[in-house]
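Chemist: First, the structure itself, so that you have it in front of you.
The values are calculated or read from the model by the stated rules, or taken from the named source; none is laboratory data. Just so it is clear, the model here is predicted, and its values are computed rather than measured. Cβ placement follows ideal geometry from the backbone for every residue including glycine, while neighbour counts extend to all protein chains displayed. Surface areas here come from the heavy atoms of the whole protein model, side chains and all, with no ligands, DNA or RNA. Shrake-Rupley method; radii C 1.70, N 1.55, O 1.52, S 1.80 Å.
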Amino acid sequence: MADDFKRRDLFRLTAGGLLVAGLGKAETPVFFTKDEYAAVDELMETIIPTDDHSPGAKAAGCAAYVDRQLAESFGDKEKHEWREGLKLLEARCQKKFDKNIAGITPHQRIELLEEVSKDEEHPKGPEEKFFNVLKGATAFAYYSSTIGIHKEINYKGNVYLQEFVGTAL
Amino acid sequence: MEHSHEPMANVDFNTVYDAIVVGSGAAGGMATYVLAKHGLKVLLLEAGKKQDLTKELHSMQWPYDHPRRGEMPQSDHALNFNEYTFRKSPYAKGMNYNHVYSYVQNWGGSDYSKNIVVDEKDNPYSGTSYAWVRARLLGGKTAIWGRLALRLSDYDFKAASRDGFGMDWPISYKDIEPYYDKVDLFLGISGHKENLPWLPDSIFQRELKLNPADMLLRESLKKMDRTLTPYRAGVTTDGLKHNHYRSRCFGRGACNRHVGGCDIHAAFDSPTGVIYPAMDTGNVTLRTNATVYEVTVDPNTGKASGVSFIDSETKRTYKAKSKIVVLGASTLESARLLLLSKSRQHPNGLANSSNHVGHNFCEHIMGPGITGLVKDLVGKPRTLDDGHPGGFYVPRFRNLKTKNPKFIRGYGFEGGSGCTMIPGNAMSTPGFGAARKKKVRDEAGAFIDMGAFGEVLPRYENYVEIDPNIKDRWGIPVLKFNYKFGPNEKAMAKDMADSAQEMFEEAGIEIVSLNREILTEGWSIHELGTSRMGNDPKTSVLNQFQQAHDVPNLLVVDGSSHVNASCQNPTWTIMALAWRSCDHIADKLKKGEV
Ligand SMILES: Cc1cc2nc3c(=O)[nH]c(=O)nc-3n(C[C@H](O)[C@H](O)[C@H](O)COP(=O)(O)OP(=O)(O)OC[C@H]3O[C@@H](n4cnc5c(N)ncnc54)[C@H](O)[C@@H]3O)c2cc1C
Ligand code: SF4
């Protein structure tokens, strides 16, 4: 049973992982500009980084997913929200570090995001609001990905069970 | 013998059927089955299409295998809580989306039920705020229902005698008990015996198991003389020898994702559970895309003579004739149909000499709920926690042995715990970065939550009527709501939150969030009571066999017949009552007494 699990997980990971990697690296972004894409990719990795447990947002193809969603289905409001939000963050980054988001160090990106996420529950101003949008999209894209579900969370369900699991009364 | 289950476009309109059944959900489906089994020739008319549920539901699809991870296109929209309160109905009016759906579409994975729930643009309604969820397809709302299958007891049927509010039902538990048994055995139900007089046990198949957090709460509640029992699921967990359209449950948990629905039909749905078996008798003619807009009456006798319907696609109209007419279009749609069916003999609408049709409208109040964290479970190795068709149920404990000074009646909680496919805390945990990532992972399996469903009192002044100014896509006048929660509900809702807090504290569960806000009217999707049963034709619409007092060959077998809402979910009772009434009318027909 346990081995069966592992084998199936491994299969899923390779199949899904290749697909996502393909989208993220080889293909050019469809909604974002190249620069925007690079920034989003790094910001998302800052929000959900690779650690010793599992790969992060970059490997999970989060930016590619959001790029495709924005191009294909999000409304004009969302498109505008992302474009403008990214512009503001880039401007803040230039002012603070004299470089763009993709050009600063991971630690500097943490500093940058800390500045715009002081009170997530009551975001003030367009940058803090955009942080919530960015974070929400990152979390959804990551935790619904193959890496998020199978590696990070290591979710065990969505399988056929002969017997229920848990404590019988 | 197996017969075709395909709908027919060309129904024989010269035949006088024994019965016309309107609607194919829990109520109409069960009525069709029972009448057909009695050898009666039944014409079943359903407004929606027959959908291939396996294709629609994609129960086992992983989010990353769906192009939008289960979300519907941005060109479509699902109403949310705020929109039901801040916008005015008809809710889709002036919205630029291709389709506007009810809030259930927001339950992660809305792309899977877009062909199941109705488009508000085609199906408007007006009046006070109400979140009205409708499913127009063969099987109605049973395609996506939550499956919590509970019995009512004399605490409900005789509630008026206990606390003086409203009216007793014209039946008691012993009248309906044999029919609950029949429904249990025919459809299959999972649960654990608790011997509670206010929540009678069913004849259960294999029961669900509990997660560690559930067990913790169960043990703690015992000390408070309260019960936590495994979800009583309208699901066949052992399989059914007499029904090969339905598999046994394999604990895939899919029915708790994508809005719900089980593509192997272990969870009850009306097509595989009752309609195909009914069609296999050879006695049923099924016509889908048939929206009934009037019950016709014989101008001489004033009795029902059949129905008029419009083809939902071609918009052609037809008339069909029958000896009896059985309405199972759902609580509000059946009331609408009665009110629309005006004639010389029934100027107020059919079966409405009492002026009670559309009134005493009741349901369940929702909103208050709680989420907690079990500290001992944080950081534990991952386990499989959601391989079941439901978590747990905490039955009513108020106004049973003692009297609460602030409100009458009661409420129960539905809940669950453990790790789900996309854990809730993955979205809600504050912060970002490596520490947050670890926190999400460590805590993903340690949460437990529950939300309350409380009885809304049946009050005459809560009602629906016809809005002559607004029509649906087919030109049929729509319903106008005049419905509000009252002081009893609000006092009860406050107690729901207080008691939830007390129970979690008592169990040593850290409270992460406590919601005290009431959700919009309608949220429970348990609308009931618009044509109540009773012994007095002056104050009720139907007799104890769901026959209209005014029109003995007309039955209304859905939740509109319920005299009060209880706090237990209604569907199992709807089916038990429909069975009982259809046995009764079939007997009368055979004896020539209708
Ligand atoms: C998401 C969800 C979760 C739920 N969870 C639970 C639960 O856990 N437990 C529980 O007990 N209940 C639950 N319910 C409620 C349950 O689904 C209903 O109580 C049950 O389906 C009611 O059966 P019905 O036959 O009266 O109505 P429906 O199932 O709605 O069926 C009515 C049918 O009539 C058809 N119809 C309507 N008007 C016309 C017309 N004019 N002409 C022809 N046909 C017409 C409709 O298209 C539909 O197919 C839930 C519902 C939903 C949507
Ligand atoms: S858990 Fe059971 S009822 Fe739910 S989808 Fe799986 S098989 Fe169907």
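Chemist: In the range B:416-427, which residue that is more than 9 Å from chain A (Cβ to nearest Cβ) and more than 15 Å from ligand 1 (Cβ to nearest atom) is nearest to the chain's Cα centre (by Cα)? Please lay out each step first, then the result.
Modeler: Step one: filter the range B:416-427 for residues more than 9 Å from chain A (Cβ to nearest Cβ), giving B:416-417, B:424-425.
Among the residues that remain, those that are also more than 15 Å from ligand 1 (Cβ to nearest atom) are: B:417, B:424-425.
Numbers: B:417: 23, B:424: 25, B:425: 29 Å.
Among residues in the range B:416-427 that are more than 9 Å from chain A (Cβ to nearest Cβ) and more than 15 Å from ligand 1 (Cβ to nearest atom), the one nearest to the chain's Cα centre (by Cα) is B:417.
Chemist: Does residue B:592 qualify as being open to solvent by 10 Å² or more (accessible area, probe 1.4 Å) and at positive phi? Can you show your working first?
Modeler: Values: open to solvent by 10 Å² or more (accessible area, probe 1.4 Å): yes; at positive phi: yes.
For residue B:592, the condition - open to solvent by 10 Å² or more (accessible area, probe 1.4 Å) and at positive phi - is met.
Chemist: Can you find a residue that is farther than 27 Å from residue B:63 by Cβ and either of a type in the set (A, V, I, L, M) or within 14 Å of chain B (Cβ to nearest Cβ) (or both) anywhere in the range A:68-90? Break it down into steps so the answer makes sense when it comes.
Modeler: Looking only at the range A:68-90, we keep the residues that are farther than 27 Å from residue B:63 by Cβ, and these are A:84, A:87-90.
From what is left, the residues that are either of a type in the set (A, V, I, L, M) or within 14 Å of chain B (Cβ to nearest Cβ) (or both) are A:88-89.
Yes, because at least one residue in the range A:68-90 is farther than 27 Å from residue B:63 by Cβ and either of a type in the set (A, V, I, L, M) or within 14 Å of chain B (Cβ to nearest Cβ) (or both).
Chemist: Could I ask something else about it? Please verify whether residue B:304 is within 16 Å of ligand 1 (Cβ to nearest atom), over 18 Å from the mean Cα position of the chain (by Cα) and farther than 23 Å from residue B:574 by Cα, treating the condition exactly as stated. I'd like the intermediate steps shown before the answer.
Modeler: Numbers: within 16 Å of ligand 1 (Cβ to nearest atom): yes; over 18 Å from the mean Cα position of the chain (by Cα): yes; farther than 23 Å from residue B:574 by Cα: no.
No; evaluated as a whole, the condition is false for this residue.
Chemist: Still on this structure: If residue A:117 satisfies every condition in (1) closer than 14 Å to residue A:136 by Cα; (2) among the small types (Gly, Ala, Ser); (3) touching a residue at least 40 places away in the same chain (Cβ under 8 Å) but one, which is the exception?
Modeler: Of everything listed in (1) closer than 14 Å to residue A:136 by Cα; (2) among the small types (Gly, Ala, Ser); (3) touching a residue at least 40 places away in the same chain (Cβ under 8 Å), residue A:117 misses just condition (3).
Chemist: Among the residues of the range B:47-56, which ones are within 16 Å of ligand 2 (Cβ to nearest atom) and touching a residue at least 60 places away in the same chain (Cβ under 8 Å)?
Modeler: Filtering the range B:47-56 down to residues within 16 Å of ligand 2 (Cβ to nearest atom) leaves B:53-56.
If the condition is that a residue be within 16 Å of ligand 2 (Cβ to nearest atom) and touching a residue at least 60 places away in the same chain (Cβ under 8 Å), then B:53, B:54, B:56 are the ones that fit.
Chemist: Given the criterion open to solvent by 30 Å² or more (accessible area, probe 1.4 Å) and part of a loop (DSSP other than H, G, I, E, B), identify the matching residue among B:521, B:506, B:517, B:502.
Modeler: Details: B:521 fails: open to solvent by 30 Å² or more (accessible area, probe 1.4 Å); B:506 fails: part of a loop (DSSP other than H, G, I, E, B); B:502 fails: part of a loop (DSSP other than H, G, I, E, B).
After ruling out the rest, the residue left standing is B:517.
Chemist: If you don't mind, there's one more thing I want to ask. Considering the range B:225-236 alone, what residues qualify as being within 16 Å of ligand 1 (Cβ to nearest atom) and either within 12 Å of chain A (Cβ to nearest Cβ) or more than 18 Å from residue B:146 (Cβ to Cβ) (or both)?
Modeler: Hits for the range B:225-236 are B:229, B:230, B:231, B:233, B:235.
Chemist: Go through (1) within 16 Å of ligand 2 (Cβ to nearest atom); (2) in contact with a helix residue (DSSP H, G or I) (Cβ under 6 Å, 6 or more places away or on another chain); (3) not in a loop (DSSP other than H, G, I, E, B) for residue B:44 and report which single condition fails.
Modeler: Residue B:44 satisfies all of (1) within 16 Å of ligand 2 (Cβ to nearest atom); (2) in contact with a helix residue (DSSP H, G or I) (Cβ under 6 Å, 6 or more places away or on another chain); (3) not in a loop (DSSP other than H, G, I, E, B) except (1).
Chemist: Moving on to the next point. Of all residues in the range B:432-461 being among the small types (Gly, Ala, Ser) and within 14 Å of chain A (Cβ to nearest Cβ), which is farthest from residue A:52 (Cα to Cα)?
Modeler: Pass one, the range B:432-461, residues among the small types (Gly, Ala, Ser): B:433-435, B:444-446, B:451-452, B:454.
Imposing the further condition that a residue be within 14 Å of chain A (Cβ to nearest Cβ) reduces the set to B:433-435, B:444-446.
On the way: B:433: 13, B:434: 10, B:435: 12, B:444: 18, B:445: 20, B:446: 22 Å.
Among them, the one singled out is B:446.
Results for (1) within 30 Å of residue B:324 (Cα to Cα); (2) out of contact with any Lys or Arg (no Cβ under 7 Å at 6 or more places or on another chain), shown as yes or no for each residue.
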{"site": "B:22", "(1), (2)": "yes, yes"}
{"site": "B:25", "(1), (2)": "yes, no"}
{"site": "B:37", "(1), (2)": "yes, yes"}
{"site": "B:51", "(1), (2)": "yes, yes"}
{"site": "B:74", "(1), (2)": "no, yes"}
{"site": "B:102", "(1), (2)": "no, yes"}
{"site": "B:113", "(1), (2)": "no, yes"}
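Chemist: As an exercise: evaluate residue A:125 against (1) within 13 Å of chain B (Cβ to nearest Cβ); (2) without any contact (Cβ under 8 Å) to a residue 12 or more places away in the chain and give the number of the one condition it does not meet.
Modeler: Result: residue A:125 fails condition (1) only.
Chemist: Just to be sure before I move on: is residue B:324 touching a residue at least 12 places away in the same chain (Cβ under 8 Å), open to solvent by less than 30 Å² (accessible area, probe 1.4 Å), more than 16 Å from ligand 2 (Cβ to nearest atom) and more than 20 Å from residue B:27 (Cα to Cα) in the structure I sent? Please lay out each step first, then the result.
Modeler: Working: touching a residue at least 12 places away in the same chain (Cβ under 8 Å): yes; open to solvent by less than 30 Å² (accessible area, probe 1.4 Å): yes; more than 16 Å from ligand 2 (Cβ to nearest atom): yes; more than 20 Å from residue B:27 (Cα to Cα): no.
Taking the combined requirement at face value, the residue does not satisfy it.
Rundown of residues vs (1) more than 26 Å from residue B:105 (Cα to Cα); (2) at pLDDT below 95; (3) part of a strand (DSSP E or B), yes/no style:
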| position | (1), (2), (3) |
| --- | --- |
| B:245 | yes, no, no |
| B:264 | no, no, no |
| B:285 | yes, no, yes |
| B:296 | yes, no, yes |
| B:306 | yes, no, yes |
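Chemist: Suppose the filter is more than 25 Å from the chain's Cα centre (by Cα) and either within 16 Å of ligand 2 (Cβ to nearest atom) or open to solvent by 20 Å² or more (accessible area, probe 1.4 Å) (or both); does residue B:280 pass it? I'd like the intermediate steps shown before the answer.
Modeler: On the way: more than 25 Å from the chain's Cα centre (by Cα): yes; either within 16 Å of ligand 2 (Cβ to nearest atom) or open to solvent by 20 Å² or more (accessible area, probe 1.4 Å) (or both): yes.
Yes, satisfied.
Chemist: Can we say residue B:285 is away from ligand 2 (no atom under 13 Å from the Cβ) and open to solvent by 10 Å² or more (accessible area, probe 1.4 Å)?
Modeler: So residue B:285 passes the test.
Chemist: Looking at B:194, B:207, which is the one that is in contact with a His (Cβ under 7 Å, 6 or more places away or on another chain), facing chain A (nearest Cβ under 10 Å) and touching a residue at least 24 places away in the same chain (Cβ under 8 Å)? So that I can check it myself, show each step before the final result.
Modeler: On the way: B:194 fails: in contact with a His (Cβ under 7 Å, 6 or more places away or on another chain).
Residue meeting the stated conditions: B:207.
Chemist: Right, here's the next one. Failed condition for residue B:219, given (1) away from ligand 2 (no atom under 15 Å from the Cβ); (2) open to solvent by 30 Å² or more (accessible area, probe 1.4 Å); (3) away from every other protein chain (no Cβ under 11 Å), with all others met?
Modeler: (3)
Chemist: Can you find, within the range B:237-256, the residue that is farthest from ligand 1 (Cβ to nearest atom) among those that are out of contact with any helix residue (DSSP H, G or I) (no Cβ under 7 Å at 6 or more places or on another chain) and open to solvent by 30 Å² or more (accessible area, probe 1.4 Å)? Write out each step before concluding.
Modeler: Quick first cut of the range B:237-256, residues out of contact with any helix residue (DSSP H, G or I) (no Cβ under 7 Å at 6 or more places or on another chain) only: B:237-242, B:244, B:247-256.
From what's left, open to solvent by 30 Å² or more (accessible area, probe 1.4 Å): B:238, B:241-242, B:244, B:247-248, B:250, B:256.
Numbers: B:238: 20, B:241: 25, B:242: 22, B:244: 23, B:247: 20, B:248: 20, B:250: 20, B:256: 11 Å.
Filtering first and then ranking leaves B:241.
Chemist: Still on this structure, please answer the following. Out of all the residues in the range A:43-54, which are surrounded by fewer than 21 Cβ atoms within 10 Å (Cβ to Cβ) and either assigned to a helix (DSSP H, G or I) or more than 8 Å from chain B (Cβ to nearest Cβ) (or both)?
Modeler: Correct list: A:50, A:52, A:54.
Chemist: Next question. Could you check how many residues of the range B:51-109 are more than 17 Å from residue B:259 (Cβ to Cβ), within 14 Å of another protein chain (Cβ to nearest Cβ) and crowded, with 16+ Cβ neighbours inside 10 Å? Walk me through how you get there before you give the answer.
Modeler: Looking only at the range B:51-109, we keep the residues that are more than 17 Å from residue B:259 (Cβ to Cβ), and these are B:64-65, B:67, B:74-75, B:82-98.
Keeping just the survivors that are within 14 Å of another protein chain (Cβ to nearest Cβ) gives B:64-65, B:67, B:74-75, B:95-98.
Within this subset, residues satisfying the condition of being crowded, with 16+ Cβ neighbours inside 10 Å are B:64, B:74, B:95, B:97.
Within the range B:51-109, residues that are more than 17 Å from residue B:259 (Cβ to Cβ), within 14 Å of another protein chain (Cβ to nearest Cβ) and crowded, with 16+ Cβ neighbours inside 10 Å number 4.
Chemist: Just to check your reading of the model, which residue among B:392, B:407, B:397, B:413 is within 21 Å of residue B:453 (Cα to Cα) and within 12 Å of chain A (Cβ to nearest Cβ)?
Modeler: Working: B:407 fails: within 12 Å of chain A (Cβ to nearest Cβ); B:397 fails: within 12 Å of chain A (Cβ to nearest Cβ); B:413 fails: within 12 Å of chain A (Cβ to nearest Cβ).
None of the other options fit; the residue is B:392.
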